[in-house]
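Heads up, the thing below is written out as structure tokens.
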Amino acid sequence: MSAHTEDYQAFLAERRSELLERIAQAAAASGRDASQITLLAVSKTVGPDEVAAAVAAGYDAFGENRPQELVRKREALDAMGLADLRIDMIGNLQRNKINQVIGRTSLIHSGSSEHLLEGISKRVVARPAPPITCLIEVNVSGEATKSGMSPEEAREAFPRMLELEGVRIGGLMTMAPAASPDAARRTFAGLRELRDGLERSHGVSLPVLSCGMSDDFDIAVEEGSTLVRLGRIVFDQAYAPVR
Ligand SMILES: *Cc1c(COP(=O)(O)O)cnc(C)c1O
């Protein structure tokens, strides 16, 4: 291993302990146990070598936002002896790309429409492949630039999505508006309230709340996040928070 890689790995390990400490503090602030919270390292801006360095630094779960890149990382990491490494699909997924991710990921965060979840169901059944866990992506803040179902759409379509063969609804995912802590908090709280309501009215368990990124993850954990998706703050030595 080159000195450069060793330095980078040391940076990753040190940063990881800081992040786990911040997650623990935010969890404690809301009376929760930090062991319920997954730190997903979003590796979309780095290559397979950096992912391997992150594994050596203690990370065990990664996220990719493009199907092609997920495939490329999966193949490179398989060849590096990391075939069991968890890589979640977190970004926009078009129906014609679904087949690329089936069998290569066990959690799709970006279930942004009923139509897409139906497409995943059809392809899983057609293979046949084991059921895949999907989250419903909800546009809680209502910003036009964000993908996902509105809370009303999610509530309306929920009973049908629950019935989809080959798809297990594991919870909800959202993204908060940038650079406004108050709006971020309202968004995360809204996601949690939607989850609680769906659990109550349908008698199901939706354990995963995927929310919180580099600039807002402490707030997300305080508001109930069970999985934070962190990219820049994990991998970028020059990262500086915007708030
Ligand atoms: C890139 C990305 C992240 C991570 O964002 P950072 O601000 O770098 O932490 C999280 N979720 C999704 C869907 C992303 O595309």
>> Quick check on the stretch 197-204. Is at least one of its residues closer than 21 Å to Met89 by Cα and either aromatic (Phe, Trp, Tyr) or over 14 Å from the mean Cα position of the chain (by Cα) (or both)?
In response: no
>> Just to be sure I understand, how many residues within the stretch 89-139 are within 16 Å of the ligand (Cβ to nearest atom), surrounded by fewer than 18 Cβ atoms within 10 Å (Cβ to Cβ) and part of a helix (DSSP H, G or I)?
In response: 1
> With Gly212, Gly166 as the choices, which residue is touching a helix residue (DSSP H, G or I) at 6+ places or on another chain (Cβ under 7 Å), farther than 30 Å from Gly47 by Cα and at pLDDT 95 or above?
Replying inline: Gly166
> Does Gly58 count as among the small types (Gly, Ala, Ser), within 20 Å of the chain's Cα centre (by Cα) and either at pLDDT below 95 or buried (at least 21 other Cβ atoms within 10 Å of the Cβ) (or both)?
Replying inline: no
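Is one or more of the residues making up the stretch 203-224 free of Cβ contacts under 8 Å to residues at least 12 places away in the same chain, away from the ligand (no atom under 13 Å from the Cβ), out of contact with any Gly (no Cβ under 8 Å at 6 or more places or on another chain) and over 23 Å from Tyr8 (Cα atoms)?
Keep residues of the stretch 203-224 that are free of Cβ contacts under 8 Å to residues at least 12 places away in the same chain, which gives 203, 205.
Among the residues that remain, those that are also away from the ligand (no atom under 13 Å from the Cβ) are: 203, 205.
Narrowing further to those that are out of contact with any Gly (no Cβ under 8 Å at 6 or more places or on another chain): 203, 205.
Next, from what is left, pick out any that are over 23 Å from Tyr8 (Cα atoms): 203, 205.
Checked the stretch 203-224: at least one residue is free of Cβ contacts under 8 Å to residues at least 12 places away in the same chain, away from the ligand (no atom under 13 Å from the Cβ), out of contact with any Gly (no Cβ under 8 Å at 6 or more places or on another chain) and over 23 Å from Tyr8 (Cα atoms).
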> Which condition number does Arg192 fail, the rest of (1) buried (at least 16 other Cβ atoms within 10 Å of the Cβ); (2) within 16 Å of the ligand (Cβ to nearest atom); (3) not acidic (Asp, Glu) being met?
Replying inline: (2)
> Can you tell me which residues in the stretch 29-49 are in contact (Cβ under 8 Å) with a residue 24 or more places away in the chain and of a type in the set (S, T, N, Q)?
Replying inline: Ser30, Gln36, Thr38, Ser43, Thr45
> Inside the stretch 32-83, can you point out the residues that are more than 13 Å from the ligand (Cβ to nearest atom), among the charged types (D, E, K, R) and closer than 22 Å to Leu20 by Cβ?
Replying inline: Arg32, Asp33, Glu50, Asp60
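The values are calculated or read from the model by the stated rules, or taken from the named source; none is laboratory data. In this text, all values refer to a predicted model and were calculated from it rather than measured experimentally. Using ideal geometry, Cβ is built from the backbone for each residue, glycine included, and neighbour counts are taken over all protein chains shown.
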